[in-house]
Amino acid sequence: MSVLARQRQELAALIRSALGQLMARDELPPVNIPEVTLEIPKDKAHGDFASNIALVLAKQVGMKPRDLAGKIAGILSTHQYIEKVEVAGPGFINFFLTKQWLYQVLQAVEAQGQDYGIADCGQGERLLLEFVSANPVGPMNVVNARAAAVGDTLARILAAVGYQVATEYYVNDAGVQTEVFGRSLLARYRQLDDPSYPFPEDGYPGEYVVELAKRLQAEAPGFGQMDEAAQLEFCRKWGIDQMIEWQKNDLLNFNVKFDCWFREQELHEANALESIIQLLNSRGFLYEQEGALWFHSTAFGDDKDRVIVKSDGNYTYVTADIAYHHNKLQRGFTKLIDILGPDHHGYIGRMKAAVQALGCPEDTLEILILQYVALLREGKPVKMSKRAGEFVTLEELVSEVGRDAARYFFVMRSLDSHLDFDLTLAAQQSNENPVYYIQYAHARISSIMGQAEQQGIHVKPVAEIDWQVLDHELEIDLIKKMAELPEELVEAAKERAPHRIARYALELASIFHSYYTHCHVLGEQEKIRDARLALVECVRTVLRRVLGLMGISAPERM
RNA sequence: GCGCCUGUAGCUCAGGGGAUAGAGCAUCGGACUUCUAAUCCGAGUGCCGCAGGUUCGAAUCCUGCCAGGCGCGCCA
């Protein structure tokens with residue numbers, strides 16, 4: 001349990017016992033004591049912790065909130081942990097604690113290091129997080145980049161709170177668009193010798209297809225001797241493979257590495273679609289109508305039933321998706337999270353229905369909708385359509401804005417926000433970008449450490465410092481902020497809200513920068529110097545920790 | 001017509017039952033003989049889209065409306 005959680009628990013117990021005493025003395029009518037929550041006030045003039053218990057209970061016991069709060073406070077103020085209790089506002093009880101608990105925070109940070117804040121809400125549950133999953137017919141774009149940054153960060157957060165997380169990219173390498181892609185590539189190949197060779201009307205017009213055709217010519221001897229059908233198939237398979245390698249590489253440059261790239265083709269080769277149809281049929285969830293086979297998804301709350309096998313005998317995409325999710329479950333995952341774009345929100349009902357039809361609880365599958373990025377350049381919208389062959393790629397984004405800045409920019413917004421990303425602004429502001437602000441805090445501490453080292457000064461273990469000299473307001477603020485990380489992580493995980501970590505990092509860095517200008521570490525008298533050195537080392541640990549959670553580097557110098 | 005998301009400072013966004021609604025950017029004014037000025041300190045700005053309702057208390061929950069984005073195929 002985190003230091004903060006323990007404090008809350010102890011205070012809550014004290015409040016409950018105070019209420020008990022009041023009832024025992026007949027100063028309070030007997031009532032059921034509701035759950036006692038302690039919040040950290042926004043305004044630190046309101047203490048370390050605050051309770052609204054008097055406000056909640058006032059009506060039930062027929063007292064004015066402030067009077068009840070006063071009675072409770074009267075009992076609690078004698079407790080050893082508590083320096084001061086105040087009744088404030090409409091009836092809040094504000095607790096000012098002795099500083100000793102802050103020291104425990106430093107010990108926790110020191111002891112846990114880059115594991116600081118880990119929790120066990122996940123209890124080792126095997127969780128599969130699928131994200132990006134862009135079609136392998138074009139380069140990664142900015143929307144994919146947002147999904148990559150958010151998904152990767154969320155995966156790290158979920159792992160930190162105790163889930164056994166695997167990340168996965170689903171490759172649609174079996175759909176019609178891959179055939180179109182193959183035809184596009186072959187046409188570009190032919191055009192290398194015969195510029196008048198027609199390009200398919202629905203083909204992918206991007207320049208990258210031409211580049212690929214040139215590589216095909218150079219790298220695939222014997223291709224020219226194949227017959228047309230073999231060439232087409234080769235273009236499709238080889239081309240898709242190249243695209244996937246390209247995507248993988250772009251993502252690696254973005255510091256996103258998937259545990260698994262799962263190919264739809266695998267499902268077809270294993271006859272997984274036939275199997276899933278049999279399975280659903282045997283469970284009575286399929287029926288025939290108008291020559292098609294339908295999945296009775298409305299039985300599980302979907303808007304309408306879905307066609308599984310079309311009247312022409314072909315499968316719909318839903319069929320493969322059900323087979324895919326079945327496959328995930330068969331691999332032993334008991335929690336599935338997919339991050340999808342807003343154009344897929346209609347997909348939630350049918351897939352959740354499918355998972356239930358396969359015998360799993362409704363909440364086994366969770367679909368997060370990540371809103372689009374509206375990409376602007378100099379304030380004007382940039383169109384991003386693969387069909388039009390016009391887009392800003394992940395590659396361009398990373399080179400223009402930088403990997404760390406781009407990641408932070410995406411992660412700092414909630415999934416729900418319809419994000420405006422102005423490339424010009426991001427590039428211009430790159431020196432003012434919040435990510436540098438955070439990294440700079442880390443670099444500053446590293447610099448202090450470097451100089452300490454040169455002077456032969458070593459960071460003392462927290463157990464050996466005199467923590468009582470850490471009494472500057474900003475030192476208290478720093479420690480309290482560090483104390484918040486474990487809960488912040490749990491909230492970020494539970495709410496699937498990686499942006500909370502981005503905010504947290506900014507807040508911690510902000511307090512540090514202020515501290516840095518107001519207080520010196522080196523050059524102070526030894527006792528203070530050692531305490532501050534240890535404190536600042538803890539701050540560095542936590543900064544590195546949160547940057548790491550976001551997949552952002554923590555530079556020693558800038 | 002139905003469904004999902006959004007509407008908060010000049011801009012981009014946090015906050016999603018509690019106390020005086022916040023941050024960054026932008027604007028203005030200050031601070032470097034001392035560990036990195038990519039920093040710090042100070043200043044201003046809000047019918048929290050609108051209207052009702054629930055509550056001791058609503059930016060937050062409920063209902064209706066307005067505006068924007070995205071969906072609603074035997075397309076993927």
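The values are calculated or read from the model by the stated rules, or taken from the named source; none is laboratory data. Everything quoted here is computed from the prediction, not taken from an experiment. Reconstructed Cβ throughout: ideal geometry from the backbone, glycine too, with neighbour counts over all protein chains shown. Just the protein is used for accessible areas: all its heavy atoms, side chains included, with ligands, DNA and RNA removed. Shrake-Rupley method; radii C 1.70, N 1.55, O 1.52, S 1.80 Å.
Where strands (runs of 3 or more DSSP E) fall entirely within segment A:38-138, those with at least 1 residues that are closer than 30 Å to A:I369 by Cβ are at A:126-130. If you check A:E378, A:E395 for being open to solvent by 70 Å² or more (accessible area, probe 1.4 Å) and out of contact with any Leu (no Cβ under 9 Å at 6 or more places or on another chain), only one passes: A:E395.
Identify the residue in segment A:307-330 that is among the polar types (S, T, N, Q) and in contact with a helix residue (DSSP H, G or I) (Cβ under 9 Å, 6 or more places away or on another chain) and, among all such residues, is farthest from RNA strand B (Cβ to nearest atom). Per the stated criteria, the residue is A:N327.
Against the conditions (1) outside any loop (DSSP other than H, G, I, E, B); (2) touching a Pro at 6+ places or on another chain (Cβ under 7 Å), A:Q371 satisfies every one except (1). Hey, any hits in segment A:492-504 for a residue that's more than 9 Å from RNA strand B (Cβ to nearest atom), touching a Pro at 6+ places or on another chain (Cβ under 7 Å) and open to solvent by less than 50 Å² (accessible area, probe 1.4 Å)? Checked against the condition, which is being more than 9 Å from RNA strand B (Cβ to nearest atom), touching a Pro at 6+ places or on another chain (Cβ under 7 Å) and open to solvent by less than 50 Å² (accessible area, probe 1.4 Å), segment A:492-504 yields at least one hit.
Of everything in segment A:331-345 that is in contact (Cβ under 8 Å) with a residue 12 or more places away in the chain and near RNA strand B (Cβ under 9 Å from one of its atoms), the residue that is most open to solvent (accessible area, probe 1.4 Å) is A:H345.
Residues of segment A:11-58 that are basic (K, R) and either closer than 21 Å to A:T78 by Cα or touching a helix residue (DSSP H, G or I) at 6+ places or on another chain (Cβ under 9 Å) (or both): A:R16, A:R25, A:K44. Within segment A:34-64, being over 29 Å from A:K480 (Cα atoms) and open to solvent by 30 Å² or more (accessible area, probe 1.4 Å) holds for A:K59, A:Q60, A:G62, A:M63, A:K64. Per this entry, A:F234 is counted among residues that are open to solvent by 30 Å² or more (accessible area, probe 1.4 Å), of a type in the set (F, W, Y) and either in contact with a helix residue (DSSP H, G or I) (Cβ under 7 Å, 6 or more places away or on another chain) or in contact (Cβ under 8 Å) with a residue 60 or more places away in the chain (or both).
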